[in-house]
Amino acid sequence: MGKKVLIIDDSNTMRKIVTRSLRQAGLDFDTILEAGDGQAALDVLAGETVDIILSDINMPTMDGIEFLRQKQANDKIKNIPVVMITTEAGGDILDEAKSLGAAGSIKKPFTPDQIQEILGGLL
Amino acid sequence: MDLNKSIGNATQEIFQTMLMMEARPGQPLAKRDEVFADSVSAIVGMAGTSKATLAIHIPEPTALVITGSFLMMEVAEIDEDVKDAIGELANMVAGSVKADLTEQGHDFKLSIPSVVCGAEYEIDCPRDSLGVIVPFSIDGGDFLVEFHVQK
C-alpha cells in the first residue's frame with residue numbers, strides 16, 4: 001500500500017512548497033493530505049491513517065504544540081512520527097515539541113535535500 | 001547585534017533557497033513614507049523580553065512576481081494567495097531575525113502575520129523604538145523590510 005503524508009500549515013503557500021519539496025526530494029507519497037491547523041489535522045486523522053506528519057508550530061485555532069499534546073493522548077495516532085517544519089530555529093518551543101514526541105524539525109527556509117535527510121530516516 | 005546584517009542575510013537566504021531569486025540589499029534608509037499605494041504589507045509582531053515588529057512592504061507588481069515564484073505559476077492579481085505568500089515571507093524573515101536575537105539573550109514569540117493591501121493605506125512607523133529599514137531589489141522590482149524594537 002502506498003505511503004501517506006499529512007501536511008499541517010496555516011499557509012496555503014507553504015503547504016504547496018512542502019508538497020513540491022517532497023517530490024523534489026524523491027519522496028513520492030501516494031497520498032498527500034493537508035490541514036490548516038492542529039484541530040483540522042485531528043479531524044483528518046479521525047478518518048485517515050498516515051505514515052508521517054509534517055507540522056508547522058505557529059498556527060491559529062490550534063498550534064503545533066497543542067496538536068502534539070492531543071496526538072500523544074490518542075492511542076490511535078500517538079505513534080505516527082511528526083516532523084515540525086517551522087521558522088523556529090531552536091529554543092524552548094522546539095524542546096517542548098521534542099518532549100511531546102516530535103521526531104525532528106526542519107527550519108524554514110529549507111531545501112529538498114534537508115527534507116530528504118530528515119524524512120528519509122523516518123520512513 | 002547588526003540588525004541590518006541579520007535582515008540582509010535572512011532575506012537573501014529565503015529568496016535564494018525558496019524562490020531561486022537573488023535579493024540585493026541596498027543602503028539602509030533613515031525613514032520611509034507612512035502611506036503606501038498599490039502595495040502589499042505583511043507585519044509580524046514579536047513579544048517577549050521586549051516588543052518588536054517586522055514588516056515587509058512590497059509594491060503590487062513585485063508581490064505578484066514573488067508569489068508567482070513561490071507557487072511556480074503565473075499570478076495576475078492580488079488575491080488570497082498573494083496575501084498568504086507575502087505573510088509567509090514576513091514570517092520566515094521574522095523567524096530568522098528572532099533566531100539571531102535569541103543568540104543575544106532575547107526571547108520572543110512570533111504572532112501570526114497580518115497582511116494589508118490596497119490602493120492607499122497608512123502604516124505608522126513605531127514611535128520610541130530602535131528601527132532599521134532595508135531596501136531590497138530583485139529582478140521584478142523593489143521592496144522594503146523593516147524591523148523595530150521598543151527602546
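The values are calculated or read from the model by the stated rules, or taken from the named source; none is laboratory data. Just so you know, these numbers come straight off a predicted model, no measurement behind them. In this analysis, Cβ positions are derived from the backbone assuming ideal geometry, glycine residues included, and neighbour counts consider all displayed protein chains. What goes into the accessible areas is simple: the full protein's heavy atoms, side chains included, and nothing from ligands, DNA or RNA. Shrake-Rupley method; radii C 1.70, N 1.55, O 1.52, S 1.80 Å.
The residues of region B:1-106 have, on average, 45 Å² of accessible surface per residue, using a 1.4 Å probe with all protein chains present.
Pairs of alpha carbons in region B:99-144 separated by more than 15 Å make up 73% of all such pairs.
The alpha carbon gyration tensor of region A:4-120 gives principal lengths a ≥ b ≥ c with a/c below 1.5, which makes the shape rounded. The modelled label-to-label distance for the pair B:ASN4/A:GLU48, using points 7 Å beyond Cα in the direction of Cβ, is 4.8 nm. When the other protein chains are added to the chain by itself, burial of at least 20 square angstrom of heavy-atom accessible area (probe 1.4 Å, ligands and nucleic acids ignored) affects these residues of region B:1-38: B:GLU13, B:THR17, B:MET18. Of the solvent-accessible surface of chain B, computed with a 1.4 Å probe over protein heavy atoms with every protein chain present, carbon and sulfur atoms account for 49 percent.
Each label point was placed 7 Å from the Cα along the Cα-to-Cβ direction; for A:GLN116 and B:LEU130 their separation is 4.3 nm. Taking chain A as the region of interest, the number of lysine pairs whose Cα atoms are within less than 17 Å, with members eight or more places apart or on different chains, is 8. Can you tell me what percent of all Cα-Cα pairs in the protein assembly as shown are more than 26 Å apart? Roughly 42 percent, once rounded to a whole number.
Note on chain B: Kirkwood radius taken over Cα pairs, Stokes-Einstein applied at 25 °C and 0.890 mPa s, translational D equal to 160 µm² s⁻¹. The heavy atoms of B:GLU146 present about 10 square angstrom of accessible area, all protein chains included, probe 1.4 Å.
Counting Lys +1, Arg +1, Asp -1, Glu -1, what net charge surrounds B:GLY68 among other residues with beta carbon under 11 Å of its beta carbon? Net charge in that neighbourhood comes out at -2. Hey, can you list the residues from region A:86-105 whose accessible area shrinks by 30 Å² or more with all protein chains present, relative to the chain by itself (probe 1.4 Å, no ligands or nucleic acids)? Residues passing the criterion (a loss of at least 30 Å², heavy atoms only) are A:THR87, A:GLU88. For region B:68-106, heavy-atom accessible area (probe 1.4 Å) falls by no less than 30 Å² from the chain alone to the full protein assembly at B:PHE70, B:LEU71, B:MET72, B:ASP81, B:ASP84, B:GLU88, B:ASN91, B:MET92, B:LYS98. Computed extension length for B:SER137-B:LYS151: 2.1 nm, one decimal, from 0.36 nm per residue of separation with the Cα-Cα distance subtracted.
Probing with 1.4 Å while keeping every protein chain in the model, the per residue accessible area of region A:12-123 equals 45 Å². Accessible surface comparison of B:ARG32, A:ARG23, A:ARG69, probe 1.4 Å, protein chains only, largest first: the order is A:ARG23, A:ARG69, B:ARG32. Summed over both chains, the contact between B and A buries some 1800 Å² of accessible surface at a probe radius of 1.4 Å. Against chain B, whose longest principal axis is taken from its Cα atoms, helix B:80-103 shows a tilt of about 30°.
Between region A:48-88 and region B:1-56, how many Å separate their Cα centres? Answer, in whole Å: 30.
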